[in-house]
Amino acid sequence: MTAWTDKDLLQMRSRDIAPSAVESQLRLFKKPPTPIQLDRPATVGDGIRSLTPAEIQTALEKFEIAREAGRFQKFVPASGAATRMFQDLIKKLNAPPVLKSDLQALARKGEKESGSIVELMDSIGRLAFSKDLRSRLDARGIDMAATLAAGDYTPILRALLLPEGLDYSHLPKGLIPFHESSEGPRTPFEEQILEGAATLTDAKQNCRLHFTVSPEYIEKFKSLALEARIRSGKKGINLDLSFSIQKPGTDTLAVENSNEPFRDESGNLVFRPGGHGALIENLNELQGDMVFVKNIDNVCSGSLFPTTVHWKKVLGGLLVQMEEELRRNGEDDGRPLRVCGVVRNTGEPGGGPFWVREKSGSKSLQIVESAQIDPTVEEQKEIFKRSTHFNPVDLVCSVRDRNGKPFDLTRFVDREAVFFSQKSHLGRGLKALELPGLWNGAMAGWNTVFVEVPQETFNPVKTVFDLLKPAHQ
């Protein structure tokens, strides 16, 4: 046992973290758990279902019955900052001036990011936030067109990224305008609401959506939510929007490279957010029935919208059908059930569907990230490379038992499925611990069904350059 000071214990108490939980985290640092053991990739016919037209029609019929009854709601993690989305621009701005001629020279030498920045600046008028950007520049006496023509991007990037301007490098991604519309620019937060309204609205015209947000921006989200409610009310839809924040009690202790507790310059313990896996607590408190889960940045506009809504309904209807079949056949084993849409792997970074060897000797279907496997074991690396499908985070979950009682979702978490990463605090290196990912270890004990869905339903905005793709124009 670590000899915690009274000050340490007070810190833990203020965050609602038990000393025993901190001790468990320290043990994980000192003796990391065995990495996950892949058996083989899940493929179509071996863990992944490819639905026939008849199966799709049956799923749609099941969905409509459950939708009208008000069984569905949506859960969207929306607290993440857009820093990574703008990281290539931030990197260039850290060493100004940012000149078009320099970027073009670097692009000719093979630096892809520099070429992408030039393309972005040449196409800036096509982006939904261009009017706001131009207004910020005008307020400072800077003409955007003349600045672009001169080839010095520095003032534009400052107005886009820094607190003196739009401050997009710090805002949550959910609050950044992605798409143009007849009603003005739309953020992904608003697009998620529109998708939910088109998919989930029940027979009483109620539509329930829940967003997890960062506390410092919750009022901005609520302001946008009020506007969305007003617009939806004119269409006869009652938006039931709710919000929660990641619990401080899910933060994890940082350690030195020696695996001893990391302390700041004042001697305080340093805790860090435990990653999106901490949101299993928020999903648990929602106590829903059937819940769609989707990343905030996976949205689309225009012609792809109907396809996205259609496949949402298919996944939801298949969940209803699978739940009914399990209970009718006596195969309901008292675990939550999820249906996960997966798309063909086209090289996107991230996890995918696999068969995993459990410690008991059995095999289970899991979504696995590359960080979960042992990079020193060639067999495991080769299995991961053979993956045919990618996880787009397109889930629908059945979270109540046969008696209608909400499951305690925390019972089905693989507590050892943690991630370790190198971070820093005021220039000092530290080791951080991330909790089991929301759709990885946090749902490891669930019943899982994988279904192939079209690539057109997966349109994430991981970098600002993605906004120039057809799905977002």
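Where a number appears in this text, it was derived from the coordinates with a stated rule and is not lab data. Only a predicted model underlies this, so the values are computations on that prediction, with no experimental measurement involved. Note that we place each Cβ from the backbone using ideal geometry, even for glycine, and neighbour counts take in every protein chain shown.
Share of antiparallel DSSP beta bridges in the range 100-258, in percent to the nearest 5?
10 percent
Quick check: the distance between the Cα centres of the range 330-387 and the range 99-175, to the nearest angstrom?
Using only Cα atoms, the two centres lie 40 Å from each other.
Would you tally the net charge around G302, using a Cβ to Cβ cut-off of less than 12 Å, leaving G302 out, and scoring K and R as +1, D and E as -1?
-1
Under a Cβ-only charge scheme (Lys and Arg +1, Asp and Glu -1), can you give me the dipole magnitude of the range 1-97 about the Cα centre, in debye to the nearest 20?
For the range 1-97, the charge dipole is close to 400 debye.
Using helices alone, what [θ] at 222 nm do you get for the chain, with -39,500 (n - 2.57) per DSSP H run of 4 or more residues, divided over all residues and rounded to the nearest 500?
-10000 deg cm²/dmol
For P19, what charge total do you get from the other residues with a beta carbon under 11 Å from its beta carbon, if Lys and Arg give +1 and Asp and Glu give -1?
Taking every other residue near P19 into account, the sum is -1.
Test of understanding: ordering D289, D408, D143 by Cβ neighbours within 10 Å, fewest first, what list do you get?
Ordered from fewest to most neighbouring Cβ atoms within 10 Å, D289, D408, D143 come out as D408, D143, D289.
Of the DSSP beta bridges with both residues in the chain, give the percent that are antiparallel, rounding to the nearest 5.
The antiparallel proportion sits near 60 percent.
Note down the net charge around S242, summing +1 for each Lys or Arg and -1 for each Asp or Glu among other residues with Cβ under 11 Å from its Cβ.
+1
Too long at a 21 Å Cα-Cα cut-off: which of K112/K462; K30/K385; K234/K469; K247/K359?
In this structure, K30/K385; K234/K469; K247/K359 lie more than 21 Å apart at Cα.
Under a straight-distance cross-link criterion of Cα-Cα below 17 Å, which lysines are reachable from K313, leaving out those fewer than 8 residues away in the same chain?
K62, K74, K294
Shape verdict for the range 95-164, please, from the Cα gyration tensor: rounded (a/c under 1.5), prolate (a/b greater than b/c) or oblate.
Prolate is the answer for the range 95-164, as a/c is 1.5 or above and a/b outweighs b/c.
Give the long-range amide H neighbours of D394: residues separated by 5 or more places, or on another chain, with amide H under 5 Å away, using H modelled in the peptide plane at 1.01 Å from N.
G341
Tell me, what ³J(HN,Hα) does each residue in the range 113-120 have, in order and in whole Hz, if you take phi through Karplus 6.51 cos²θ - 1.76 cosθ + 1.60 with θ = phi - 60° and put x for Gly and Pro?
In residue order, the calculated couplings are 4, 5, x, 5, 5, 4, 4, 4 Hz.
For semi-axes √(5λ) of the Cα gyration tensor in Å, the listed values are [x] 40, 27, 20; [y] 30, 26, 23; [z] 35, 31, 23; which was obtained by calculation from the structure presented?
Correct label, based on the coordinates given: [z].
Whose amide H sits under 5 Å from the amide H of I48, counting only residues 5 or more places off or on another chain, with H placed in the peptide plane?
Counting only residues 5 or more places away or on other chains, the set is T43.
Could you derive backbone 3J(HN,Hα) for the range 159-169 from the dihedral phi with the Karplus parameters 6.51, -1.76 and 1.60 (θ = phi - 60°), listing whole Hz in sequence and x where the residue is Gly or Pro?
So the Karplus estimates, Gly and Pro as x, are 5, 7, 9, 9, x, 5, x, 7, 6, 5, 5 Hz.
Quick check on the range 219-345: take the gyration tensor over C-alpha atoms, sort the square-rooted eigenvalues as a ≥ b ≥ c, and tell me if it's rounded (a/c under 1.5), prolate or oblate.
Oblate.
Could you name the lysines in cross-link range of K235, using Cα to Cα under 19 Å and dropping any fewer than eight places away on the same chain?
Here the lysines satisfying the reach criterion relative to K235 are K204.
For Cα pairs less than 8 Å apart in space and 6+ apart in sequence, what is the mean separation divided by the residue count of the chain, i.e. the relative contact order in percent?
24 percent.
Taking a ≥ b ≥ c as the square roots of the Cα gyration tensor eigenvalues, with a/c under 1.5 meaning rounded and otherwise prolate when a/b beats b/c, else oblate, which class fits the range 328-392?
Oblate, because a/c is 1.5 or more while a/b does not exceed b/c.
From Cα pairs below 8 angstrom and at least 6 apart in sequence, can you work out the relative contact order of the range 403-466, rounded to a whole percent?
Across the range 403-466, relative contact order equals 30 percent.
Quick check for me: using +1 on Lys/Arg Cβ and -1 on Asp/Glu Cβ, what's the dipole size of the chain about its Cα centre, in debye to the nearest 20?
Here the chain has a charge dipole of around 200 debye.
If amide hydrogens are placed 1.01 Å from N in the peptide plane, which non-local residues have theirs closer than 5 Å to the one on R40?
Close amide H contacts, sequence-distant or interchain: W355.
Per-residue counts of other Cβ atoms within 10 Å, averaged by peptide: what ranking do you get for 302-312, 158-168, highest first?
For the peptides 302-312, 158-168, the packing ranking is 158-168, 302-312.
Which ³J(HN,Hα) values in Hz, rounded to whole numbers, follow from the phi angles of the range 148-157 under the Karplus curve 6.51 cos²θ - 1.76 cosθ + 1.60, where θ = phi - 60° and Gly and Pro get x?
4, 5, 6, x, 10, 7, 4, x, 5, 5
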